[in-house]
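Accompanying notes for the structure given below.
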Amino acid sequence: MSVRQSLLAILNQGPCYGYQLRSEFDRRTGSTWPLNVGQIYNTLDRLERDGLVRKADIDAEGQNYVEITDAGRTEVAEWLGSPVVRTLATRDELAIKLAIAVTLPGVDIAQVIQVQRTATMRTLQELTRTKNATTDPESSEQLAWLLVIDSLIFAAEAEARWLDHSESRLARARAAGFAAPLPLNTEVPKRGRPAKTVQAGA
Amino acid sequence: MSDILLQLDGVSMQYGRGETAITALAGIDLLVRRGELVAVMGASGSGKSTLLTVAGGLTPPTAGEVIVEGHWLSQLSARELATLRRRSLGFVFQDFNLIPSPTALENVALPLELDGWTSTKAHRPALDALNIVELGDRAQHFPSDLSGGQQQRVAIARAVVGGRSLILADEPTGALDSTTGELVLRMLRSRVDAGAGGILVTHDARHAAWADRIVFLRDGRIADESRASAVSSLLAGSPA
């Protein structure tokens, strides 16, 4: 998970205590995904259990510092050197909604798409307006924030384009007569494991 | 002075007659105020470009009224309409539409000269307009010496020269790469923020998002509208 690796990567710059890690994470990601202190301590516990960090000094204010181990440094290097793998296992709520809606009778899919598009465009407008306040980054914090906001903008744009594409795909399917709703399948699937089929030649 | 720059009132546009007639616009009501950029989105054939040509007085609608800065276009003579277009409207097209032989400065000064200004007198506001799009130092360059993004900025300067206040842009970023397109939109946005108004026709969601309002056309009608809220609830905002 990226929070675990992000905190570890920050600790690679030097020992930190919990609150400090939280504010370091926030300022490097534009406070877009704020972490609570509980998450920080839970993550640090797991990192310590896995031998990636260890307890360091306690300063005069009583702050418990944590420092990275050699194994932790190796993990940071591996994280930075390898791609982020996005799995299809993460359900896409919108794709599921449209896929189901297109099979149902009496649903105006064009309207479902338009309602979503309006919402997506509003998000895109708000992100653009926020970004518009900054022309060119004047600090590395701003640069990091712009990268995050650009990523959200491109994701919203991709969603809008996919909605456009879905709309024209739907129109073509309708014209070709392939957009009829799916009737319920009356052949009820059997419970339990499917029966084994004997392979030919077995 | 009214802050309404453009009003479309029940505007319809039909091409052809009888059974083969095509309805490009069907009863469009739209207002553009000073300081407001309105994006128009929709699939190909939804009526986007027709809306722009009708709003710009290039084609009269078959029904309804177009009102530009208080002038009812249907009441104007051809000469009055041409004058209003020169003085109030600026067009920006996908392919820039600059004239190759004059310099950037002369291209921007052209609408004023067509309106009877002397060349010397027209060059001052033309240079001001080029400075606004940060191309004052390229005034003596010919369009062929400029990049696509620079040519489009010259076109924006031409669209706003001499205090013209309504910018009608048809896919202005269509021929530009992503970063240059964003720069052009930033310029367009800043002209609108400075008191102009505009319609931006685009199929690009990321570019439409620069507008205050986005109207979605479907089959010549406004199917929906997205209006950005004044304050974004999505993000904490730019770090200092």
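The values are calculated or read from the model by the stated rules, or taken from the named source; none is laboratory data. Everything quoted here is computed from the prediction, not taken from an experiment. Cβ coordinates were reconstructed from backbone atoms using ideal geometry, including for glycine residues, and neighbour counts include every protein chain displayed. Please note that ligands, DNA and RNA were not included when accessible areas were found on the heavy atoms of the full protein model with its side chains. Shrake-Rupley method; radii C 1.70, N 1.55, O 1.52, S 1.80 Å.
Please determine whether any residue of segment A:25-39 is in contact with a strand residue (DSSP E or B) (Cβ under 8 Å, 6 or more places away or on another chain), over 24 Å from A:Pro137 (Cβ atoms) and surrounded by 14 or more Cβ atoms within 10 Å (Cβ to Cβ).
Of all residues in segment A:25-39, those in contact with a strand residue (DSSP E or B) (Cβ under 8 Å, 6 or more places away or on another chain) come to none.
For segment A:25-39, residues in contact with a strand residue (DSSP E or B) (Cβ under 8 Å, 6 or more places away or on another chain), over 24 Å from A:Pro137 (Cβ atoms) and surrounded by 14 or more Cβ atoms within 10 Å (Cβ to Cβ): absent.
Any residue that is in a loop (DSSP other than H, G, I, E, B), over 20 Å from B:Ser165 (Cα atoms) and open to solvent by 70 Å² or more (accessible area, probe 1.4 Å) - is there at least one of those in segment B:11-29? Show your work before the answer.
Step one: list which residues in segment B:11-29 are in a loop (DSSP other than H, G, I, E, B), which gives B:16-17, B:21.
From what's left, over 20 Å from B:Ser165 (Cα atoms): B:16-17, B:21.
Subsequent filtering for residues that are open to solvent by 70 Å² or more (accessible area, probe 1.4 Å) retains B:17.
Scanning segment B:11-29 turns up at least one residue that is in a loop (DSSP other than H, G, I, E, B), over 20 Å from B:Ser165 (Cα atoms) and open to solvent by 70 Å² or more (accessible area, probe 1.4 Å).
Going by the conditions given, is B:Asp177 acidic (Asp, Glu) and either buried (at least 24 other Cβ atoms within 10 Å of the Cβ) or away from chain A (no Cβ under 14 Å) (or both)?
So B:Asp177 passes the test.
Looking only at segment A:78-90, decide whether some residue is in contact with a Cys (Cβ under 7 Å, 6 or more places away or on another chain), within 25 Å of A:Val148 (Cβ to Cβ) and not aliphatic (A, V, I, L, M). Before the answer, list the steps.
Pass one, segment A:78-90, residues in contact with a Cys (Cβ under 7 Å, 6 or more places away or on another chain): none.
No, every residue in segment A:78-90 fails to be in contact with a Cys (Cβ under 7 Å, 6 or more places away or on another chain), within 25 Å of A:Val148 (Cβ to Cβ) and not aliphatic (A, V, I, L, M).
Does B:Ala82 count as without any contact (Cβ under 8 Å) to a residue 60 or more places away in the chain, among the small types (Gly, Ala, Ser), surrounded by fewer than 17 Cβ atoms within 10 Å (Cβ to Cβ) and assigned to a helix (DSSP H, G or I)? Write out each step before concluding.
Values: without any contact (Cβ under 8 Å) to a residue 60 or more places away in the chain: yes; among the small types (Gly, Ala, Ser): yes; surrounded by fewer than 17 Cβ atoms within 10 Å (Cβ to Cβ): yes; assigned to a helix (DSSP H, G or I): yes.
Yes.
Could you check segment A:60-71 and list, in sequence order, the residues that are touching a residue at least 12 places away in the same chain (Cβ under 8 Å), farther than 17 Å from A:Tyr41 by Cβ and of a type outside the set (Val, Ile, Thr)? Walk me through how you get there before you give the answer.
Step one: filter segment A:60-71 for residues touching a residue at least 12 places away in the same chain (Cβ under 8 Å), giving A:63-69, A:71.
Cutting the leftovers down to farther than 17 Å from A:Tyr41 by Cβ gives us A:69, A:71.
Within segment A:60-71, A:Ala71 is the sole residue that qualifies.
Among the residues of segment A:32-84, what is the count of those that are β-branched (Val, Ile, Thr), under 12 Å from A:Leu7 (Cα atoms) and either assigned by TED's automatic domain parsing to the domain that holds A:Val148 or more than 27 Å from the chain's Cα centre (by Cα) (or both)? Quick ask: steps written out before the conclusion?
Taking segment A:32-84 and keeping what is β-branched (Val, Ile, Thr), we get A:32, A:37, A:40, A:43, A:53, A:58, A:66, A:68-69, A:74, A:76, A:84.
Adding the requirement that they be under 12 Å from A:Leu7 (Cα atoms) leaves A:40, A:43, A:53, A:66, A:68, A:76.
Checking which are either assigned by TED's automatic domain parsing to the domain that holds A:Val148 or more than 27 Å from the chain's Cα centre (by Cα) (or both) leaves us with A:66.
Count: 1.
Tell me the residue from A:Arg22, A:Arg91, A:Arg86, A:Arg4 that is basic (Lys, Arg) and touching a residue at least 24 places away in the same chain (Cβ under 8 Å), please. Give the steps one after another, and end with the answer.
Working: A:Arg22 fails: touching a residue at least 24 places away in the same chain (Cβ under 8 Å); A:Arg91 fails: touching a residue at least 24 places away in the same chain (Cβ under 8 Å); A:Arg86 fails: touching a residue at least 24 places away in the same chain (Cβ under 8 Å).
Going through A:Arg22, A:Arg91, A:Arg86, A:Arg4 in turn, just one is basic (Lys, Arg) and touching a residue at least 24 places away in the same chain (Cβ under 8 Å): A:Arg4.
Tell me, yes or no, whether segment B:48-68 has at least one residue that is among the small types (Gly, Ala, Ser) and open to solvent by 60 Å² or more (accessible area, probe 1.4 Å).
Restricting attention to segment B:48-68, the residues satisfying the condition of being among the small types (Gly, Ala, Ser) are B:49, B:55-57, B:63-64.
Filter again for open to solvent by 60 Å² or more (accessible area, probe 1.4 Å), leaving none.
Scanning segment B:48-68, I find no residue that is among the small types (Gly, Ala, Ser) and open to solvent by 60 Å² or more (accessible area, probe 1.4 Å), so the answer is no.
Just wondering, is there one or more residues in segment A:176-186 that are open to solvent by less than 40 Å² (accessible area, probe 1.4 Å) and closer than 23 Å to A:Thr123 by Cβ?
Checking segment A:176-186: not a single residue is open to solvent by less than 40 Å² (accessible area, probe 1.4 Å) and closer than 23 Å to A:Thr123 by Cβ.
Only one of these conditions is not met by B:Leu25: (1) closer than 25 Å to B:Ala209 by Cα; (2) under 15 Å from the mean Cα position of the chain (by Cα); (3) touching a residue at least 40 places away in the same chain (Cβ under 8 Å). Which number is it?
Exception for B:Leu25: condition (2).
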